Every structure is written in C-alpha cells, then in structure tokens.
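Novice: Sharing a structure below in structure tokens format, with a few things to ask.
The values are calculated or read from the model by the stated rules, or taken from the named source; none is laboratory data. Predicted, not measured: the structure shown is a model, and the values here were computed from it. FYI the Cβ positions are ideal-geometry reconstructions off the backbone, even for glycines, and counts take in every protein chain you see. To get the accessible areas, we keep the full protein, side chains included, count just its heavy atoms, and leave off ligands, DNA and RNA. Shrake-Rupley method; radii C 1.70, N 1.55, O 1.52, S 1.80 Å.
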Amino acid sequence: MIIPTKKLSSDFELPVYGLGLWQMGGRWESDTSNDEREVAAIRAALDAGITHVDTAEGYGNGHAEQLLARAINGYDRAKLQIATKVAGHNQAYDGLMRALEGSLKRLQTDYIDLYMLHFYPPSGTDVNGTVRALDELVAQGAIKHIGVCNMSPNRFEDIQRRTKNKLVCNQVHYNVQYREAEKRGVLEHAQQNDVMLVAWRPVQKGNLPKSALVNELAAKYGKTPTQIAINWLVSQQNVVTISKTSSLEHLTENLGALDWRMEVRDIERIRTLFPDQKNVSDALPLDYETDVEV
Ligand SMILES: NC(=O)c1ccc[n+]([C@@H]2O[C@H](COP(=O)([O-])OP(=O)(O)OC[C@H]3O[C@@H](n4cnc5c(N)ncnc54)[C@H](OP(=O)(O)O)[C@@H]3O)[C@@H](O)[C@H]2O)c1
C-alpha cells in the first residue's frame, strides 16, 4: 500500500506509519538468535509499503542497524527513510562523529535520512560541540535531516537555538493511553513550530487497556481496537508513528489503521474518555528542568 504522509512547510515528509526496530537484534545487547526472522520481518514491512524505518546505534548494541542493512539489500535506497539515533554517551563532538561513522558502516549506506539525539546530551557534555558535529555532517551530506527524541519543549528549543538546521522531529512516547505529550505541551509545541511529533510505542507493546468506547468505535468503523488506537494517534495534527512488529498479522492489522478517518467527535471522545490515562511516560518521562547549558 502507499502509506499516507505528512509534510512540514520545509517539505520534510514522513509516512504516518513506520517500522521501529527496538528489540530486533536484542535490547541494549546484541542478540543474533532471531536474525533470519527479523530480516524477513523487515523485508515483509518494506514489501507492504513501509519506507520509514527507525533504529538506533544503541538497539542491540548496533545489531539492529546491521539487520536493517541486510534487509534493505536489493531495495531502492533512495525510496527509504532510514532514521537512527546517537546515544547520550556519544554526543560530544568527537564521539558523535565516530558514532555516525559506526552507524553508516553498520547500515552499509553513505547517508542517514534522519539522525536524532536519542536523549538530551548528558550533563557535562559540550552541547555546542554536539550541535556543531550535527551541522557539519549535514553540510557534508552524511545526514539529510536532524531531529531529537524525548525532549521537553524547553530542551528542544535549547538545541534548536544552537543549530543552523531545522530540527524536523521530536520522538516521544505517545498513544491513546500515555498522554504526556498532550498534558505537558510537547504536542502543542510541535504543532506550533512546524515539527513532526513521531509517536513511539503506539500500541503500548500490545498492552493497551480494553475500552468499551474503543470497542464501540471498532464496530462502527469495521476496524479492530488496535486500528482505532493507531488511527486516533495519526489523526492528531503533526503526529506520525512508528511501531515494532515482527508479525505479518500485526503488520497487516496496523497498516489497516491508516487510510481512513474517524469523525472528529469520535476522536475527541477517545481523547477524554479513554480509560486509565497516564500523564507521564512509564518508560522515559521527559525532563522539564531548565538546567540547560546555554
Ligand atoms: N526514541 C526513543 O527513546 C524510543 C523509545 C521507544 C521506542 N522507540 C521506537 O519506537 C518503536 C515503537 O515502539 P515500541 O516498539 O516500544 O512499542 P510498540 O510499537 O507499541 O509495540 C511493539 C510491540 O507490540 C507488538 N505489536 C505490534 N503490533 C501489534 C498489534 N497489532 N497487536 C498486538 N501487538 C502488537 C509487537 O510484537 P510483535 O513483534 O509480535 O508484533 C511488539 O512486541 C520502537 O521499535 C523504536 O523504534 C523509540
């Protein structure tokens, strides 16, 4: 299928749904035991129309990037948007330069479409050096676009002020249940500043609470509850999402969430009535402190 896209005024564009590779090739350590299955799963996603693939140097300690390189071998690189992230401990100037080299090598490519800071640089990092490295890599063509993950508006703006380039995205935990992005102004910040909010964990790892309202809407639209949850997410202005699946059945279900619309009234009912909503991420709560080094 052709996955619908969203575009910023800068023309930066992302499909509303991409594939995430967290837990393919291990967690923070490399695990090669499922390589054949994961490569096949990535290829199945590409064959189904996925073009945005999200990974990180930290995923499987680099192994997720290696799996992605294997999976895209033979596919048209120009049609893919490969997104990867530099870990916090590599965000000083020299470390970032080395990290990017490492990612390019593991991915067997000569450019990254979207390179993100996985977190705000750890305390003690020369943040101007971090940003200088990013800007130089953009100028060299090794990175097409830069973005960040897990940043409060304050921290996002701190990075944005230091770089010549537009930060195109903020990748944060956001789904029908986890609403930190809404409650703490992260979504509004993205919407008002022409930034893509890339929502991670859209199906809460398959553990979203059951909801009578969602079941009612699933029946109304002829969709599954998971499809309602994903559709709700990408119906928010400036929001696209990424989900990990190694299952063809789940992939097919998730893709069935994308090319139709819910009525605005139903979108708003879910916003207010979805059960057991959380105002803070259970995985990576954002840091709203103002202790940024300017
Ligand atoms: N920037 C960051 O700090 C950050 C943090 C977390 C995640 N991410 C990115 O976001 C991506 C998505 O987040 P996530 O992987 O944590 O969460 P997720 O996509 O919500 O959940 C993935 C899990 O849910 C299962 N799943 C997928 N579709 C399903 C469906 N239709 N029904 C039931 N279960 C389903 C998958 O299992 P199967 O494989 O069996 O389908 C997998 O175990 C990650 O892969 C990563 O690329 C970024």
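Novice: When only DSSP loop residues count, what chymotrypsin sites (Phe, Trp or Tyr not before Pro) in the range 68-168 have their Cβ near at most 16 other Cβ atoms within 10 Å?
Specialist: Here the sparse-neighbourhood loop sites are TYR75, TYR111.
Novice: Tell me the mean residue ellipticity at 222 nm calculated for the chain from its helices only (DSSP H runs of n ≥ 4, each -39500 (n - 2.57), averaged over every residue, nearest 500).
Specialist: -11000 deg cm²/dmol
Novice: With springs only between Cα atoms under 10 Å, which of GLY88, GLY124, GLY256 fluctuates most in a Gaussian network model of the chain?
Specialist: GLY124
Novice: Please report the spacing between the Cα centers of the range 119-158 and the range 36-106 in Å, no decimals.
Specialist: Using only Cα atoms to place each centre, the spacing works out to 19 Å.
Novice: Report, in listed order, any pair from LYS6/LYS166; LYS6/LYS79; LYS85/LYS244; LYS85/LYS205; LYS85/LYS278 with a Cα-Cα distance greater than 19 Å.
Specialist: Over 19 Å Cα-Cα: LYS85/LYS205; LYS85/LYS278.
Novice: Once neighbouring chains are kept in place and the probe is 1.4 Å, which whole percent of the accessible area of the range 5-273 is contributed by carbon and sulfur?
Specialist: Answer for the range 5-273 is 47 percent, counting heavy atoms of protein chains only.
Novice: For the range 1-96, run through the trypsin sites (Lys or Arg not before Pro) and keep only the ones in DSSP coil with at most 14 other Cβ atoms within 10 Å of their Cβ.
Specialist: Here the trypsin sites (Lys or Arg not before Pro) that fit, given the DSSP loop and packing criteria, are ARG27.
Novice: Related question: With a 1.4 Å probe and every protein chain left in place, tell me how much accessible area THR109 has, in Å² to the nearest 10.
Specialist: Rounded to the nearest 10, that gives 20 Å².
Novice: What percentages, rounded to whole numbers, describe P(r) for the chain computed over all alpha carbon pairs with 10 Å bin width beginning at zero?
Specialist: With 10 Å bins starting at 0, P(r) equals 6, 29, 36, 22, 6, 0.
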